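Everything on this sheet refers to the single structure shown next.
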């Protein structure tokens, strides 16, 4: 659940930034966009390396340890995605009417976004709760695959 809260907080912050005009600044400043993107890539690379180290050591992560990091990880990964910010900025304005109150519409759209993502993440969490024993039993393989995929993702995003 902490991961879900971290993602929700990150989405809320990104949504507020999108409707407040930060997306326009990022769209016009390639340097700022790249700084945010590379900070996110460095963090994903860090998570990938940590997963590979855990796989190498065959570390089984306890639930309390996982929960203490999950909120932070969810928040940081969500916040350091400039593409998400630009997507929200372009997406939100498709649903804004000039005849109605801007603030009311923005609050409604952000609420809908957060409710939908919360619902999806809770459903995913409930499914994972049922099959988490598989991940735990095969944690070395899981950590290796996750670490490898994160590093590949970082490379693909860095060259795109």
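Taking the conditions exactly as written (crowded, with 17+ Cβ neighbours inside 10 Å and assigned to a helix (DSSP H, G or I)), does residue 126 satisfy them or not?
Details: crowded, with 17+ Cβ neighbours inside 10 Å: no; assigned to a helix (DSSP H, G or I): yes.
So residue 126 fails the test.
Can you list residue pairs whose Cβ atoms sit under 6 Å apart, with the first residue in segment 80-101 being on the phi > 0 side of the Ramachandran plot and surrounded by 18 or more Cβ atoms within 10 Å (Cβ to Cβ) and the second being part of a loop (DSSP other than H, G, I, E, B) and at pLDDT below 75? Count only pairs 6 or more apart in sequence or on different chains.
none
Of everything in segment 1-41, what is closer than 30 Å to residue 126 by Cα and surrounded by fewer than 13 Cβ atoms within 10 Å (Cβ to Cβ)? Give them in sequence order.
1
Kindly indicate which of 51, 101, 81 is within 17 Å of residue 3 (Cα to Cα) and at pLDDT 85 or above. Walk me through how you get there before you give the answer.
Working: 101 fails: within 17 Å of residue 3 (Cα to Cα); 81 fails: at pLDDT 85 or above.
Result of the check over 51, 101, 81: 51.
Of the numbered conditions (1) at pLDDT 85 or above; (2) in contact with a helix residue (DSSP H, G or I) (Cβ under 7 Å, 6 or more places away or on another chain), residue 135 fails exactly one; give the number of that condition.
If we test residue 135 against (1) at pLDDT 85 or above; (2) in contact with a helix residue (DSSP H, G or I) (Cβ under 7 Å, 6 or more places away or on another chain), just (1) comes out false.
Does residue 129 count as more than 15 Å from the chain's Cα centre (by Cα) and modelled with pLDDT of 85 or more?
On the way: more than 15 Å from the chain's Cα centre (by Cα): yes; modelled with pLDDT of 85 or more: no.
No, not satisfied.
Can you name every residue in segment 104-120 that is more than 22 Å from residue 7 (Cβ to Cβ) and exposed (fewer than 14 other Cβ atoms within 10 Å of the Cβ)? Break it down into steps so the answer makes sense when it comes.
Here is the first cut: in segment 104-120, the residues more than 22 Å from residue 7 (Cβ to Cβ) are 104-105.
Listed by number, the list holds a single entry, 104.
The values are calculated or read from the model by the stated rules, or taken from the named source; none is laboratory data. Quick caveat, the model's predicted, so the values are computed rather than measured. A quick note on method: Cβ atoms are made from the backbone with ideal geometry, for glycine too, and the neighbour counts reach across all protein chains shown.
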